[in-house]
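One structure below.
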Amino acid sequence: MTKPGYRIDPADPEAFRRAFHELADACLDRVAQARELPWIAKPADMAETVALVSDEPGLGEAELFAMMRGEVMPYATGNTHPRFFGWVHGTGQPVGVAAEMVAAAMNSNLGGRDHGAMAVEQAVIDWSQRQAGLPEGASGVLTTGTSQATILALSAARMKLFGDAVRKDGIAGLGRIRVYSVTGAHACIEKAMEVMGHGSRAVRHIPQGPDGAMDMEALEAAIAEDRAARILPMAVVGTAGSVNTGTFDRLDAIAGLCGREGLWFHVDGAFGFWAVLAEDPWRELVRGVDRADSIAADFHKWIGVPYDCGMVLIRDGDLHRRTFSTRPAYLEGQGAGLGGGETWFTDYGLELSRGFRALKVWAAIKAAGVPALSATITDNCRQATLMAELIEASEVLELAQPVQANVCCFYLTRGEASAVATALQLSGEAVFSTTTLNGRECLRAAIVNHRTTEEDIRLAVAAVEREVLAVEV
Ligand SMILES: *Cc1c(COP(=O)(O)O)cnc(C)c1O
């Protein structure tokens, strides 16, 4: 018999507590063994194992927890491992596991209202704005990631260009607009223009100069050409850390040009924004980021917060609010009580109901402290430089382009990069991803990993060399 009110809550709180503690220990074991736990392939029948049937019977907590431990938890992405360098995947801080638990226990909704979780998100935004060097009056909101942050930023840019009426009138009368970004910039910019109704053709790619940064003369020429063709330039996106090759646009130069041309200056700093915390010469790569109208960045990449959390910062906080604020009668603020509170985050983005992502970010900053975060980011840049040195010293590997910060791409003199990447993923030795540069496939490492040591870099490169040497010539 179920006790009234305990259909969902555990009927035996003591048994639940014991099972929960065991599960917590298993999570902590996983965190403690991160160095020994690379990606492993999921079982072929995983889909059947986890399938939910229409009349799923209740399993009970103890059995459920055992299933999560045994049949779900081992098959993670593997980015908690020190030799995971694929794509751009953050490693995740152990305190984030605890913060996620606290956030779930509180189960706060950060759309708005007056409660403690709101103060924590505001603290994270204020801290980030200070790191960016944005002035008082700037605003921000946490998002799932940079993709969503980009939609928010470019929507604010559109409000600035066309005025508040665009919210009522839509885009039908606006004509063609243009957003500029460097060749190799992230596809989330196109996606943003698609969902905003302008289409991906609204994004014009500007070639890279010799150092990988956007060619500023080509940008100026493209703007003039578009104006002559009655295509209205709206914004320039400066990429701080391109996803493919890790190159940085010259943000200062873009800021100057946007000032002269009256364009919105957005920075895609998904991972590279956090070079603001690095030592020189890497800090220098983001000089000018304080002049941005908007910045998108992720906490789940280089700050190492468990997935997911990104943010948008907007210089003109009032414009940001006007772009998204909608308060029907049932959401109208009250002066005091839970319905009060000055800032409601729903006024700054697309979501009404929002989780307490801010807690794991706040915890990551509080626990490690800025000096440790800074040192980690600087170390990762040094490690990418070391990797490049090892590649240059290698008989069988060839650096594809100079390393600017934390991304290192290199060719193999024989064999296929994708085959080597797969072999090392399957052996659990290292995770590289692949890309194509100058028409040639290469291995790519993006190091945003606080567990990586110099030894890990040496081991990973040695493993690649061994695989290449094993290829028959
Ligand atoms: C990862 C990344 C994005 C997308 O961010 P998400 O958080 O995955 O949405 C955008 N731009 C760059 C440069 C990235 O590295």
Highest average packing first - 170-176, 30-36, 237-243, Cβ atoms within 10 Å | 237-243, 30-36, 170-176
So for R0 = 41 Å, FRET eff. of LEU469-ASP211 from the Cβ-Cβ r, to 0.05, ends up at 0.80
Just need the relative contact order of the chain here, percent rounded to a whole number, with Cα pairs under 8 Å and 6+ apart.
-> 21
Given region 110-234, what whole percent of its Cα pairs are spread farther than 17 Å?
-> 67
In Å, what Rg and Dmax follow from the Cα atoms of region 370-469?
-> 13.0, 43
With a Förster distance of 60 angstrom and the Cβ-Cβ distance between ALA229 and ALA367, calculated FRET efficiency to the nearest 0.05 equals 0.70
Per-selection Kirkwood Rh - region 230-335 (Cα, Å, 1 d.p.) = 15.4
List the relative contact order of region 370-469 as a percent without decimals, with contacts defined as Cα pairs under 8 Å and 6+ residues apart.
-> 31
With θ set to phi - 60° and the Karplus curve 6.51 cos²θ - 1.76 cosθ + 1.60, what are the ³J(HN,Hα) couplings of region 74-79 in order, to the nearest whole Hz, using x for Gly and Pro?
-> x, 9, 7, 6, x, 6
Kirkwood hydrodynamic radius (C-alpha pairs) into Stokes-Einstein, region 1-133, 37 °C and 0.692 mPa s, D in µm²/s | 178
Let me have the relative contact order for region 313-408, percent, based on Cα pairs under 8 Å that are six or more residues apart.
-> 18
Centre separation in Å (Cα based) which lies between region 283-304 and region 377-396 | 23
So, by mean Cβ neighbours within 10 angstrom, what's the order for 40-53, 59-72 with the highest one leading?
-> 59-72, 40-53
How would you order 217-227, 121-131 from highest to lowest mean count of nearby Cβ atoms within 10 Å?
-> 121-131, 217-227
Amide H neighbours of ARG178 at under 5 Å, excluding residues fewer than 5 places away on the same chain, with H built from the backbone geometry, are LEU232, MET234, ALA235
For ARG201 and GLU398 in the same chain, what is the full-extension length gain: residue separation times 0.36 nm, less their Cα-Cα distance, in nm?
-> 67.4 nm
How big is region 13-77 by the Kirkwood estimate over distinct Cα pairs, in Å?
-> 13.4
GLN334-GLU455 FRET efficiency (beta carbon distance; Förster radius 60 Å; 0.05 resolution) | 0.55
What nm distance separates the two modelled labels at SER54 and ALA253, each placed 7 Å from Cα along Cα→Cβ?
-> 6.3
Using 0.36 nm per residue of separation minus the Cα-Cα distance, give me the extension gain between ALA24 and LEU350 in nm, one decimal.
-> 114.0 nm
What ranking do PHE162, PHE84 get, fewest neighbouring Cβ atoms within 10 angstrom at the top?
-> PHE162, PHE84
When the Kirkwood radius is taken over all Cα pairs of region 94-137, what Stokes-Einstein diffusion coefficient follows at 25 °C and 0.890 mPa s, in µm²/s?
-> 204
Using θ = phi - 60° and the Karplus relation 6.51 cos²θ - 1.76 cosθ + 1.60, list the HN-Hα couplings for region 282-299 in order, rounded to whole Hz, with x at every Gly or Pro.
-> 6, 4, 4, 4, 10, 4, x, 5, 6, 9, 5, 7, 8, 9, 10, 8, 10, 8
Averaged over every viewing direction, what's the projected area of the C-alpha convex hull for the chain? Give it in nm², one decimal, please.
-> 26.5
Of all DSSP beta bridges located in the chain, what percent are antiparallel, nearest 5?
-> 60
Would you calculate, for the chain, the mean residue ellipticity at 222 nm contributed by helices, counting each DSSP H stretch of 4 or more residues as -39,500 (n - 2.57) and dividing by all residues, to the nearest 500?
-> -12000 deg cm²/dmol
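Values quoted throughout were computed directly from the atomic coordinates according to the rules given, and no laboratory measurement underlies them. Bear in mind that the values here come from a model prediction, so they are computed numbers and not experimental data. Cβ atoms come from the backbone with ideal geometry, glycine included; neighbour counts cover every protein chain shown.
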